[in-house]
1. Is there any pair linking a residue in the range 348-368 that is within 12 Å of LEU305 (Cβ to Cβ) to one that is modelled with pLDDT of 90 or more and basic (Lys, Arg), with Cβ under 9 Å and at least six apart or on different chains, and which?
2. If a residue has to be under 21 Å from GLU295 (Cβ atoms), part of a loop (DSSP other than H, G, I, E, B) and in contact (Cβ under 8 Å) with a residue 60 or more places away in the chain to count, how many in the range 322-346 make the cut?
3. In the set VAL183, VAL193, VAL131, which member is in contact with a Leu (Cβ under 6 Å, 6 or more places away or on another chain) and either of a type outside the set (Lys, Arg) or not assigned by the TED database to the domain that holds PHE341 (or both)?
4. Could you please give the count of residues in the range 367-383 that are crowded, with 21+ Cβ neighbours inside 10 Å and within 17 Å of the chain's Cα centre (by Cα)?
5. Of the conditions (1) open to solvent by 40 Å² or more (accessible area, probe 1.4 Å); (2) under 22 Å from GLY378 (Cβ atoms), LEU80 clears all except one; give me its number.
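The values are calculated or read from the model by the stated rules, or taken from the named source; none is laboratory data. All figures in this text were calculated on a predicted structure; none of them were measured in a lab. For neighbour counting, all protein chains shown are included, and Cβ atoms are generated from backbone atoms with ideal geometry for every residue, glycine included. The area values use the complete protein model at the heavy-atom level, side chains included, leaving out ligands, DNA and RNA. Shrake-Rupley method; radii C 1.70, N 1.55, O 1.52, S 1.80 Å.
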Amino acid sequence: MDINGKGDSVDELKGLRITNLDDDDDDDENIAVDEDDNGEDEDDDDEEEQESVILGFAWLDPDNLPTGMSCVCDVCGEPLQFLLQVYAPLVEKDSTFHRTLFVFMCLSMKCLLRDQHEQWKRHPDKQSRSVKVFRCQLPRANSFYSSKPPEGNATDKPLIPGAPLCNWCGTWKGDKFCSSCKVARYCSQKHQVMHWRAGHKLECQQLSLSPQSSDSNACHGGVAQIKAPKGNKSLWPEYEMKNEHESEYDTEMSGDEEHTDNSLIPRNKVDDTMKSLMDTFEGDGDKKSWASFQERIGKAPEQVLRYCRSAGSKPLWPILGGRPSKADIPICSYCGGHLCFEFQILPQLLYYFGVKNDAESLDWATIAVYTCEASCEGVGYKQEFAWVQ
């Protein structure tokens with residue numbers, strides 16, 4: 001998802017909604033065609049303007065990926081799952097010509113509850129987090145991408161091969177090989193075992209007889225072009241986020257008909273879910289806060305993320321309880337500077353992922369992401385701060 005670098009000067013929050021990609025499971029390379037936002041049939045003249053694009057998890061810096069304990073939940077030790085990425089360059093610095101934020105989380109609700117407890121510890125030496133955010137940025141002249149603007153016509157090529165990724169999760173660096181075929185790559189022993197049980201046991205012998213390049217799972221042009229992991233039903237479906245200004249919905253989206261005809265989530269399902277969540281709040285203050293939050297979000301019910309890095313911007317908190325004070329937000333662990341609010345992730349995202357609505361399933365009111373105000377420089381990926389309400 002691209003966010004214009006001029007967003008720093010915009011005072012309004014941006015409501016980002018999600019659009020569905022091609023659901024054809026037979027397409028191993030996740031080729032998708034961008035969908036028309038207004039849902040109308042396009043003229044024949046417009047069809048030729050649409051191009052098939054490969055959308056996927058894309059590490060900005062393919063050489064210096066997070067490794068070790070950064071990749072796992074600090075509570076249970078399981079590898080974290082990719083949640084979303086936000087491309088948000090900043091125009092005021094050359095070092096932030098390219099800038100992407102990556103969000104990962106553990107699939108366990110127990111770990112998320114522990115995460116919320118840990119975040120209240122002010123400035124501890126070590127926090128056990130199940131939600132992690134990484135920031136990566138590059139200047140215009142770098143070792144991975146051309147300094148010329150992309151042509152967008154499939155002629156753009158990376159300067160170097162990308163990182164080989166895990167054959168099971170397609171996310172973390174595959175620095176471990178299958179001991180038998182020496183082809184399949186894994187980020188952890190856990191994912192190697194899961195891949196073996198899901199079918200690699202039968203494929204392994206064939207791969208051993210037909211060795212492939214160890215870079216066959218590399219990404220090109222910063223976009224992972226790996227085949228979808230076979231048998232891995234725990235991975236969330238893939239979508240592309242479209243960014244739109246919230247103010248557009250005050251006038252253009254005033255009627256329910258405007259945003260329900262093409263909704264990926266039926267409006268009655270959204271209303272029922274929001275009501276059931278409100279019923280769980282005991283205090284009147286939380287109920288009023290949630291009602292106000294619901295009314296604001298209801299202008300564009302498909303939004304899954306709200307972005308605003310303007311000075312003094314704050315999250316739209318769904319409930320009164322669980323809000324951090326200024327003292328609860330730590331300083332940047334790299335430069336010692338202040339952190340500022342940049343975006344928040346809404347619970348609607350869970351519905352697109354098909355997460356069940358039961359006691360053991362993942363759930364949150366909002367996840368607010370705070371990043372270094374100076375977006376301090378450095379090689380690789382810097383971990384930022386997420387507050388879970």
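1. Note: pairs meeting the criteria are THR366/ARG306; ALA368/LYS314.
2. Of the residues in that region, 2 qualify.
3. VAL183
4. Number of matching residues: 7.
5. (1)
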